[in-house]
Amino acid sequence: MLYFITGNKNKFAEAKKEMLPIELVQKEIDLAEIQSLDSKEVIEHKLKEATKHFKGEFIVDDVSFTLDAMNGLPGPLIKFFLKSIGKKGIYNLCKPSGNFKAEAKATIGYTDGKEVLFFEGIVKGKVVEPIAESDFGWDPIFQPEGFNKTFAEMSLEEKNKISHRGKAIKKFKEYYLNKK
């Protein structure tokens, strides 16, 4: 059994669907999370903390949302930017420069208790003024390259085919199935 350590039901729903036929079980553990601009540092710390609570195979993930206009910020700190200034505030950060280019990156960390491995998925796009409503982070303001709608306007199936998390999960899933 493979555990996904997250308290985010939306994140788990995306991952569970994409991980089939692997049985993925959500495990909610309140882990201390370090702050770093390096997702791998954040994940490695989470995995080490998780091994203190239970044994087994598990994954954690971390998402970065970077703005060209801010030289890569907010990165893994996106959750705090959203809490502080909201989706409209992030859009407004890009306005003065006119540079709305953005990148979404998901990094999945896996451990079997012996080693830690990382799997990344990246989607380039742009920040747009929030139109659609969604309670899933920055989805309403991110429009991936080659599309005329935001993640929030896409169905879960459509989003998972192209999303940063979907790409990272596909890489992990391929590794995990070949490992078994």
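The values are calculated or read from the model by the stated rules, or taken from the named source; none is laboratory data. Every value quoted in this text rests on a predicted model; they were computed, and no experiment measured them. All Cβ positions, even for glycine, are placed from backbone atoms using ideal geometry, and neighbour counts span all protein chains on display.
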Of everything in region 130-148 that's of a type in the set (D, E, K, R) and at pLDDT below 95, which residue is farthest from Phe100 (Cα to Cα)?
Asp135
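Let's see how each residue does on (1) over 30 Å from Tyr91 (Cβ atoms); (2) at pLDDT 90 or above; (3) of a type outside the set (Val, Ile, Thr):
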residue	(1), (2), (3)
Asn10	no, no, yes
Pro21	yes, yes, yes
Leu24	yes, yes, yes
Ile29	yes, no, no
Leu47	yes, yes, yes
Lys55	yes, no, yes
Val60	no, yes, no
Residues located in region 114-129, provided they are outside any loop (DSSP other than H, G, I, E, B) and under 23 Å from Ile162 (Cβ atoms)
Phe118, Phe119, Glu120, Gly121, Ile122, Val123, Lys124, Gly125, Lys126, Val127
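Each row is one residue, and each column tells you yes or no for (1) at pLDDT below 95; (2) closer than 20 Å to Leu2 by Cα.
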residue	(1), (2)
Gly75	yes, no
Phe80	yes, no
Asn99	no, no
Ile108	no, yes
Val123	no, no
Lys159	yes, no
Ser163	yes, no
Sort out which residues of region 48-67 are farther than 18 Å from Gly137 by Cβ and either surrounded by 19 or more Cβ atoms within 10 Å (Cβ to Cβ) or touching a helix residue (DSSP H, G or I) at 6+ places or on another chain (Cβ under 8 Å) (or both), and write them in order of number.
Ala50, Phe58, Ile59
Residues that are farther than 21 Å from Leu177 by Cα, buried (at least 19 other Cβ atoms within 10 Å of the Cβ), without any contact (Cβ under 8 Å) to a residue 60 or more places away in the chain and among the aliphatic types (A, V, I, L, M): does region 26-34 have at least one?
no
In region 87-120, how many residues are surrounded by 14 or more Cβ atoms within 10 Å (Cβ to Cβ) and either under 16 Å from the mean Cα position of the chain (by Cα) or not charged (D, E, K, R) (or both)?
21
Near pairs, Cβ below 8 angstrom, 6+ apart or cross-chain, from region 149-175 (farther than 16 Å from Trp138 by Cα and touching a residue at least 60 places away in the same chain (Cβ under 8 Å)) to any residue that is part of a loop (DSSP other than H, G, I, E, B) and not polar (S, T, N, Q)
Lys173/Ile22
Give region 121-143 a look and list any residue that's free of Cβ contacts under 8 Å to residues at least 60 places away in the same chain, under 13 Å from the mean Cα position of the chain (by Cα) and surrounded by fewer than 20 Cβ atoms within 10 Å (Cβ to Cβ), or say none.
Ile122
Looking at (1) crowded, with 20+ Cβ neighbours inside 10 Å; (2) touching a Leu at 6+ places or on another chain (Cβ under 8 Å); (3) closer than 25 Å to Ile43 by Cα, which is the one condition that is false for Tyr175?
(1)
Kindly evaluate Ser163 against the criterion of being surrounded by fewer than 16 Cβ atoms within 10 Å (Cβ to Cβ) and either out of contact with any Lys or Arg (no Cβ under 9 Å at 6 or more places or on another chain) or under 23 Å from Lys83 (Cβ atoms) (or both).
no
